[in-house]
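Student: Just passing along the structure, written as structure tokens.
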Protein chains: 2
Amino acid sequence: MEHQVEMVGRAFVDHYYNLFDSDRVSLSSLYHPTSMLSFEGQKVQGVDEICSKLKSLPFGQCHHVISTVDTQPSPFPGGIMVLVSGSLHLPGEDHPLRFSQMFHLIPIPEGSFFVQNDVFRLNYG
Amino acid sequence: MEHQVEMVGRAFVDHYYNLFDSDRVSLSSLYHPTSMLSFEGQKVQGVDEICSKLKSLPFGQCHHVISTVDTQPSPFPGGIMVLVSGSLHLPGEDHPLRFSQMFHLIPIPEGSFFVQNDVFRLNYG
């Protein structure tokens with residue numbers, strides 16, 4: 001059980017940042033109408049608002065490098081909590097930006113998960 | 001509702017780090033038998049194991065300074081998700097350690113909350 005939570009969490013993280021770096025608009029498939037995103041303190045809710053926010057970020061191409069992934073089962077049945085730390089590499093920038101991101105994943109009947117809670121923060125030194 | 005989630009989350013964060021810095025053993029009051037802590041990748045569960053882990057940290061006096069607190073309502077009824085970033089100041093150390101910590105708070109009948117999920121990570125530059 002614990003092992004499965006860890007495997008699902010890591011697979012989700014790989015999938016999420018792979019989509020983010022290669023085809024950001026397709027991240028919409030991972031959110032639901034109830035989903036919430038807090039991005040650097042700005043809160044948006046629902047698939048459309050979240051995707052607008054992600055599309056409006058002031059960089060096109062980017063590359064996430066993951067440092068740590070911690071997972072725990074949520075008390076919400078079948079849910080998974082994930083805390084990610086890593087760095088965001090932007091073209092033409094020498095210094096990557098360190099970030100932390102928290103996800104709360106909720107199962108859907110098809111055997112997959114959607115992101116109910118998503119909080120992103122850059123870590124300033 | 002959103003405002004209340006934010007107020008409760010911030011009050012919890014102030015309380016948690018105040019206890020941590022002044023009377024670490026009393027943090028036991030914030031955990032339940034089902035609680036989980038991942039500390040720098042090490043997982044422990046339950047009040048006793050969590051408090052043993054916190055007591056065994058290789059520093060006595062410490063001081064947390066909070067930089068950001070993000071809160072969202074959890075899909076678990078009445079639950080609150082919290083992501084904290086901040087720095088940990090240790091006596092005799094010139095450079096504070098940056099950290100991120102995620103909490104999932106669950107309401108208890110007395111009108112208070114306990115920590116069900118707790119993930120702590122230092123942010124290396």
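The values are calculated or read from the model by the stated rules, or taken from the named source; none is laboratory data. All values reported here derive from a predicted model rather than from experimental measurement. For neighbour counting, all protein chains shown are included, and Cβ atoms are generated from backbone atoms with ideal geometry for every residue, glycine included. Side chains included, ligands, DNA and RNA excluded: accessible areas come from the protein's heavy atoms. Shrake-Rupley method; radii C 1.70, N 1.55, O 1.52, S 1.80 Å.
Student: Looking only at region B:41-51, count every residue that is free of Cβ contacts under 8 Å to residues at least 60 places away in the same chain, surrounded by 12 or more Cβ atoms within 10 Å (Cβ to Cβ) and on the phi < 0 side of the Ramachandran plot and tell me the total.
Tutor: 7
Student: Hey, among the residues in region B:1-19 that are surrounded by 14 or more Cβ atoms within 10 Å (Cβ to Cβ) and more than 13 Å from the chain's Cα centre (by Cα), which one's nearest to B:Gln61 (Cα to Cα)?
Tutor: Here the answer is B:Val8.
Student: Starting from residues that are within 9 Å of chain B (Cβ to nearest Cβ) and part of a strand (DSSP E or B), keep the ones in region A:56-81 and report whichever is surrounded by the most Cβ atoms within 10 Å (Cβ to Cβ).
Tutor: Here the residue is A:Met81.
Student: Of all residues being within 12 Å of another protein chain (Cβ to nearest Cβ) and part of a loop (DSSP other than H, G, I, E, B) in region A:89-101, which is farthest from A:Gly60 (Cα to Cα)? Just the residue, please.
Tutor: A:His95
Student: Would you pick out the residues in region A:20-40 that are more than 10 Å from chain B (Cβ to nearest Cβ), open to solvent by less than 30 Å² (accessible area, probe 1.4 Å) and of a type in the set (A, V, I, L, M)?
Tutor: Correct list: A:Leu27, A:Leu30.
Student: Moving to a separate point now. Answer yes if at least one residue in region B:102-125 is open to solvent by less than 10 Å² (accessible area, probe 1.4 Å), within 7 Å of chain A (Cβ to nearest Cβ) and small (Gly, Ala, Ser), and no otherwise.
Tutor: no
Student: It is to be established whether one or more residues within region B:98-105 are over 22 Å from A:Gly41 (Cβ atoms), in contact (Cβ under 8 Å) with a residue 12 or more places away in the chain and not β-branched (Val, Ile, Thr).
Tutor: So far as region B:98-105 goes, no, none of its residues is over 22 Å from A:Gly41 (Cβ atoms), in contact (Cβ under 8 Å) with a residue 12 or more places away in the chain and not β-branched (Val, Ile, Thr).
Student: For residues that are touching a Lys or Arg at 6+ places or on another chain (Cβ under 7 Å) and under 17 Å from A:Ser74 (Cβ atoms), tally how many sit in region B:94-125.
Tutor: Total satisfying the criteria: 0.
Student: Does region B:45-61 hold any residues that are among the aliphatic types (A, V, I, L, M) and over 14 Å from the mean Cα position of the chain (by Cα), and which are they?
Tutor: Answer for region B:45-61, where residues must be among the aliphatic types (A, V, I, L, M) and over 14 Å from the mean Cα position of the chain (by Cα): just B:Leu57.
Student: Answer with yes or no whether A:Lys53 is touching a strand residue (DSSP E or B) at 6+ places or on another chain (Cβ under 8 Å) and not in a helix (DSSP H, G or I).
Tutor: Against the criterion (touching a strand residue (DSSP E or B) at 6+ places or on another chain (Cβ under 8 Å) and not in a helix (DSSP H, G or I)), A:Lys53 does not qualify.
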